[in-house]
Each structure stands twice: as C-alpha cells, then as structure tokens.
Amino acid sequence: MSVLVFAQTSKGILKKNAIEAISYGAQVAALLNTNVTLLATGTATAESLQVAGSFGVAKVLHANHTNLNAFDSQIYSQLVMNAAEKTGASVIILSHDATGKAIAPRISAILKAGLVSGAISLPAVSGGFSIKKNVFSGKAIAEYSINTEKKIISLLPNSVPPIQKQVSCEVENFLGGVEETISLLKIETKTHDTSGEINLPEAELVVSAGRGMKGPENWGMIEELAKTIGAATACSRPVSDIGWRPHHEHVGQTGIAIRPNLYIAVGISGAIQHLAGVNGSKVIVVVNKDAEAPFFKAADYGVVGDAFEIVPKLTAAFKQFKSQNS
Amino acid sequence: MDILVCISQVPDTTTKISFIDNNSKFNDDKVTFIVNPYDEWYALVRALELKETLGGSVTVITVGNASVEPIIRKALAIGADNAVRIDLDAVDSFETASAIATYAKNKNFNIILAGKETIDYNGSEVGGMIAGLLNLPFVSLATKLEIVGDHAVVEIDIEGGVEVITSKMPLVLSAAKGMAEARIPNMRGIMAARTKTIEVVAGQSNNLVSVKSFELPAPKSAVKLINPENMEELVQLLHSEAKVI
Ligand SMILES: Cc1cc2nc3c(=O)[nH]c(=O)nc-3n(C[C@H](O)[C@H](O)[C@H](O)COP(=O)(O)OP(=O)(O)OC[C@H]3O[C@@H](n4cnc5c(N)ncnc54)[C@H](O)[C@@H]3O)c2cc1C
Ligand SMILES: Nc1ncnc2c1ncn2[C@@H]1O[C@H](COP(=O)(O)O)[C@@H](O)[C@H]1O
C-alpha cells in the first residue's frame, strides 16, 4: 500500500496545481505510514522535477514520450494505472483540473477504486477513510467515505496549501508501455496570442466586471486595473452572452469556477449562480453602486459607489502602493 | 446518428441548502428540481441539433426513482425522441455510470453525451466513468461538437487556445458552455412529450463511496465597507490584513 501522485509538467516545470498535489500526496503517505511516488509527464529536466523533494516526495517516475505530447485521456489513464501497478500504489492522487477530470473517473471505473473528486481536506484515516469536498456549488461541504481498498483523490486547486519538507529526490525514467500505445484520436492545437494574458483558471488575482459597466467600450479601466496588479480578467454571464467579453471569461455556475486569492467584482449584482463560481475565492472585494446588491453579503471588503469613479482611483492607489513597495 | 444524453435532476440553482437526519441527508422539502443546466442547455440541445441535420434519434437517460420523471418530460418536450429511466437511487457516480454503461452496452449509440458536472454533487465523474466501463474514447469539457463524415470533431479550451480532437465513433463526451444555446420547449413539444413513453429499467446497486455527513460552510463575517474616497485604505487592508497583495 503506497501513494502515487500524478502531475503534468507545463513548459518544463511543475506548476502550482502540481505542487499542491505533490505535497498533498506526501502528507497522505505520512498519515498512512507509507511511501509516495510522483509520476510526472512532459519534457522536464530531472533537476526541475527534483522540486518534488522539497515537498516530501523522494521518488519520481518521469514519463516523457512523443505519444504523450497530445493529451489522450485513454493513454494517460493507462500510464497512471501502469505506474500504480509498478509502485504497488493503492491511493492515487491528482489535481481536479482539466486533466484530472478527464482521467480520474476513468481510472476509478476501471480499477473499481472509489473516487472523491475536488477534495478540500486531508483524509481522516482513523476507523475508515473519509475526505471532505464542496457540494451544491460551494453552498455545502460533504464528507465522503471511500469504501474500497484502492482509492483515488482529486484535489481542488488552491484549497490545501503545500507544505515544504526537504527530502533527497531520485528521478527515474518510466515509459510504462506508453511507447506501444496508439492514440485513436487526432489532436491539433490552435493557439491564440496570449502574450501578456494571464490564464484565468490558474490566476491568483482576478478582476471581474458585470453589466454595471454599461458597455464593452468601458472595459479599458477594468483591464488597466487588472494589468496594474497582474490579475486575470473575468466577467458575469450576461456580459459574455451579449458579446461584450469573450466566452472564456464567463465565471459562475454555467461558466468556469475559479478560486483565486483575490476576486474584485465590479458592477456585478452577485446572483447566486455567479457566486457559485467564485465563492471559493480567499478574499472578495465588491464595487457596486447599490448598497443592497446581494454580492456585499459574500464580500470581505465593499465599496458602495459608482464604478466609473472608483475603479480609476483604486488603480491609482495600487500604482502608488507598488511604487512604494518595490 | 443515434445519441444518448445523460440527464440528471438537480435542485434549482437558487435553492437554500439544508440537511436533515443528523446532517446525513439533503433536505428536499419544498425544493424545485430542474434538469442539470449543462445536460439541458449544452448536451441535449447539441444532440438535437445534430439529429435535425443528420437524422437519427436522441435518447435521454436518467438514473433515479419515479420522482425524476418531470425532468424527463421536460427533456422530451425540448425534443428528445426516447427516454429511459433506470430505477435506482444511486449512492455515488460509479453506481450511476455503471447503470448507464450497462444499458448502453449493446445499443450502438454513436455518441454518449454527459454534462460537465452536476451542480449538486459537482463531481465531473459520470461521463469519464461510462467511457472507462465501455472502453471508449472520452473527451472531457467539450465546447464544440461537429460530425464530419464518420468522425466526431470536438473542441476543448486549453490554456491560450483550443484543441481540435478528431475521433472515431462511438465516443463519450462531457459538454461545457459553448456547445449550444439553451432552448425553450414549445407547445407542440410539450403536447408531444405527454404521449411519449418512458422506458423503465431495473438498476443494480454497487457503490464505491458514500456520503458520511454534510455541513454548511462557516458563515462569512460581515463585509467591511470602505469609503469610496479612500482607496489607499483598501489597498493597505488587502496588503496588511488580507495579505493577498
Ligand atoms: C441556471 C442559471 C445559470 C446561470 N449561470 C450564471 C453564471 O455562470 N455566471 C453568471 O454570472 N450568471 C449566471 N446566471 C445569471 C445570473 O442569475 C445573473 O443574472 C447574472 O449573474 C447577473 O449579471 P450582472 O451581475 O453582471 O448583471 P446585473 O444583475 O444586471 O447587475 C449589475 C450590477 O451592477 C451594478 N451597477 C450598475 N451600474 C453601476 C455603476 N455605475 N457602478 C457600480 N455598480 C453599478 C448594479 O447595482 C447591479 O448590482 C445564471 C442564471 C441561471 C438561471
Ligand atoms: N443520476 C444521473 N442520471 C443520468 N445522468 C447523470 C446522473 N448523474 C450525473 N449524470 C450525468 O453525468 C454528468 C456529470 O455528473 P457528475 O459526475 O455528478 O458531476 C451530468 O452532467 C449528467 O450528464
């Protein structure tokens, strides 16, 4: 019985979600008194993978092969299962990101291993094995028991902070049969220019605006505020529906759910469906001219007033703060 | 083109959430139930659009007891041709997925569509599990679906772009925003739905996980209001108190 963590590298490094899963895996292994291995994919160097050793993982299997260049959930699932078999892992841990959502359920069904997706806590292991996760779009928390011997946990990003723990770390190449697999899919990537853009799902700071901005021509001040603090931009659903902003910025129940450290909401009423996508944010700032706007009930800091006056002032205050603190 | 769409019943998004029986059960008293928005707005509507251009049929399937029939009627009213209910109070996603996979196994559906996630248990699990059980390709969080010849062409959003995935059929997809626009059932659809029959199939229970208890999140402390003339104070608080800047 050991623990296997799966993480992808991106542009050669283990990013935030991966580090969180790695540290979580090390902590679960400590709770279970067992060892932990990281399975990492992608074109990383052994040195860059050794960062796993700073979070308590002493052993890394590195799978780097052209058959893994495009993401085919069937091939990745097989790779993770092969690594779990090789290491004798009975607990598999991944991030509840796009990759985790594509492979964790498949592995769960094939191995008949109970899955808790979007975990927000370490497991309780005395007299069973149970883990908490958000349900009802963040309006409640459920504690799930995993009743099978093999277990899979996907960890909700930005919910269990990583803990530094230095161990010496050994990296071994591992292909796990991936060189013989043939993808049934043809996968092409179309990128758009993202220079200077911050990826919303992973952003630590987000500036978001709603119908209160009156029209797309007024988004300059929102972008300026975001740029000043290095934040990603987001919007409410009506704003993307009427085409003021691109669809991928739509957050909420029917858009994407985000969990940044700071969410600044400007001219958004705070409808329950909007909150469902942002109520996991650590700190919420609301700017709204209506003191009765429901968003103030979910906010940590609120400013009642006209966004057109407040946003430029806030941007100026951030600029001043930055010039004093750099 | 024969498409199976997995639909699930969820509490209306504005529902106030509470629990009963010592916090072990969701309190569904006076709760209005709806079709899970991802299943209805995106998966079902896209399936209907494909059927309308290519011919074939759209079957909706749901796992649940007789109380879920109103949402099946709604799906039929929007335009689904056939409906199946697997009579089972599923405890977890695996049980749901197993029931659907068992039903779909020899039915030759070209595409099985699920929603991105249910808005109550937020798992994003059932679609991938069905694919695993049936050994089919799976594309998760698809934002576009076209049929080109005998292939499905699917798009997903990735960091800084999109990925275009071409797959043989059958395959399983989970549908996210972008795949279609919501449709409102018309009178003809509602009338037609009344006379369509719902096939009821017995299900088998075999869960892997179970809910031990529920809790409500700790209430948020009251909002701190900042004078609109003093944005310097807000920035200071974000720095020294909230520690996010
Ligand atoms: C099933 C379902 C799913 C949904 N999913 C989502 C979702 O995923 N995401 C989402 O966002 N919505 C979603 N919605 C819609 C949601 O219910 C709200 O309608 C929507 O969030 C409102 O957007 P808004 O706050 O931008 O606009 P409004 O509700 O119109 O609010 C605008 C706000 O701006 C304020 N304002 C106006 N002028 C100014 C000014 N000059 N300065 C400062 N403030 C100003 C107003 O006081 C008001 O509070 C969903 C709805 C349903 C039924
Ligand atoms: N009881 C159910 N019956 C039919 N389909 C379901 C059921 N529960 C979930 N699904 C499908 O699986 C998708 C993902 O659900 P979940 O894994 O619970 O987030 C949903 O959007 C539905 O398409």
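Here's the yes/no breakdown for (1) touching a strand residue (DSSP E or B) at 6+ places or on another chain (Cβ under 6 Å); (2) more than 10 Å from chain B (Cβ to nearest Cβ):
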| site | (1), (2) |
| --- | --- |
| A:Asn67 | no, yes |
| A:Gln74 | no, no |
| A:Met81 | no, yes |
| A:Ala84 | yes, yes |
| A:Ile92 | yes, yes |
| A:Ile103 | no, no |
| A:Arg106 | no, no |
| A:Leu111 | no, no |
| A:Pro123 | yes, yes |
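If you go through the stretch A:125-135 and keep only what is farther than 17 Å from A:Ala21 by Cα, facing chain B (nearest Cβ under 8 Å) and either aromatic (Phe, Trp, Tyr) or in contact with a Phe, Trp or Tyr (Cβ under 9 Å, 6 or more places away or on another chain) (or both), you end up with A:Ser130, A:Val135. Considering the stretch B:145-245, the qualifying strands (runs of 3 or more DSSP E), each wholly inside and each with 1 or more residues that are buried (at least 16 other Cβ atoms within 10 Å of the Cβ), among the acidic types (Asp, Glu) and under 20 Å from the mean Cα position of the chain (by Cα), run over B:151-158.
Conditions tested, residue by residue: (1) closer than 21 Å to B:Thr13 by Cα; (2) touching a helix residue (DSSP H, G or I) at 6+ places or on another chain (Cβ under 8 Å).
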{"site": "B:Asn23", "(1), (2)": "yes, no"}
{"site": "B:Asn27", "(1), (2)": "yes, no"}
{"site": "B:Lys30", "(1), (2)": "yes, no"}
{"site": "B:Phe33", "(1), (2)": "yes, yes"}
{"site": "B:Tyr38", "(1), (2)": "yes, no"}
{"site": "B:Tyr42", "(1), (2)": "yes, no"}
{"site": "B:Glu49", "(1), (2)": "no, no"}
{"site": "B:Gly64", "(1), (2)": "yes, no"}
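Modelled with pLDDT of 95 or more, part of a strand (DSSP E or B), within 16 Å of ligand 1 (Cβ to nearest atom) and within 30 Å of A:Glu202 (Cα to Cα): is that true of B:Leu141 in this structure? Against the criterion (modelled with pLDDT of 95 or more, part of a strand (DSSP E or B), within 16 Å of ligand 1 (Cβ to nearest atom) and within 30 Å of A:Glu202 (Cα to Cα)), B:Leu141 qualifies. Checking the stretch A:273-296 against the condition returns a match, with at least one residue being at the interface with another protein chain (Cβ under 9 Å from one of its Cβ atoms), within 11 Å of ligand 1 (Cβ to nearest atom), among the β-branched types (Val, Ile, Thr) and surrounded by 22 or more Cβ atoms within 10 Å (Cβ to Cβ).
Taking the stretch B:161-207 as the range and being away from every other protein chain (no Cβ under 14 Å), more than 17 Å from B:Lys107 (Cβ to Cβ) and in contact with a strand residue (DSSP E or B) (Cβ under 7 Å, 6 or more places away or on another chain) as the test, only B:Lys196 passes. Scanning the stretch B:18-45 for residues that are touching a residue at least 60 places away in the same chain (Cβ under 8 Å), within 16 Å of ligand 2 (Cβ to nearest atom) and in a loop (DSSP other than H, G, I, E, B) yields a count of 1. Criterion applied to A:Ser236, A:Ser269 was being hydroxyl-bearing (Ser, Thr, Tyr), crowded, with 21+ Cβ neighbours inside 10 Å and touching a residue at least 24 places away in the same chain (Cβ under 8 Å), and the one residue passing it is A:Ser236. Restricting attention to the stretch B:104-123, and to residues there that are more than 12 Å from the chain's Cα centre (by Cα) and crowded, with 20+ Cβ neighbours inside 10 Å, which single residue is nearest to ligand 2 (Cβ to nearest atom)? Once the filter is applied, the top-ranked residue is B:Ile112.
Within the stretch B:46-77, how many residues are closer than 18 Å to B:Glu146 by Cα, of a type in the set (A, V, I, L, M) and buried (at least 21 other Cβ atoms within 10 Å of the Cβ)?
Here the count works out to 3.
Restricting attention to the stretch B:23-49, the residues that are within 15 Å of ligand 1 (Cβ to nearest atom) and either among the hydroxyl-bearing types (Ser, Thr, Tyr) or touching a Phe, Trp or Tyr at 6+ places or on another chain (Cβ under 6 Å) (or both) add up to 3. Residues of the stretch A:227-269 being at positive phi and more than 7 Å from ligand 1 (Cβ to nearest atom), which ones? Passing the criteria: A:Gly230, A:Gly243. Residues that are facing another protein chain (nearest Cβ under 8 Å), surrounded by 22 or more Cβ atoms within 10 Å (Cβ to Cβ) and of a type in the set (Gly, Ala, Ser) within the stretch A:299-326 comprise A:Ala299, A:Gly302, listed in sequence order. Within 14 Å of chain A (Cβ to nearest Cβ) and in a helix (DSSP H, G or I) - does that describe any residue in the stretch B:52-70? Scanning the stretch B:52-70 turns up no residue that is within 14 Å of chain A (Cβ to nearest Cβ) and in a helix (DSSP H, G or I). Applying the criterion of at least 3 residues that are closer than 25 Å to A:Ile131 by Cβ to the helices (runs of 4 or more DSSP H) found wholly in the stretch A:1-119 leaves A:16-31, A:73-87, A:98-111.
The single condition among (1) away from ligand 1 (no atom under 16 Å from the Cβ); (2) of a type outside the set (Asp, Glu); (3) modelled with pLDDT of 95 or more that B:Gly161 does not satisfy is (3).
The values are calculated or read from the model by the stated rules, or taken from the named source; none is laboratory data. In this text, all values refer to a predicted model and were calculated from it rather than measured experimentally. Counting neighbours? That spans all protein chains shown, and the Cβs are built from the backbone with ideal geometry, glycine included.
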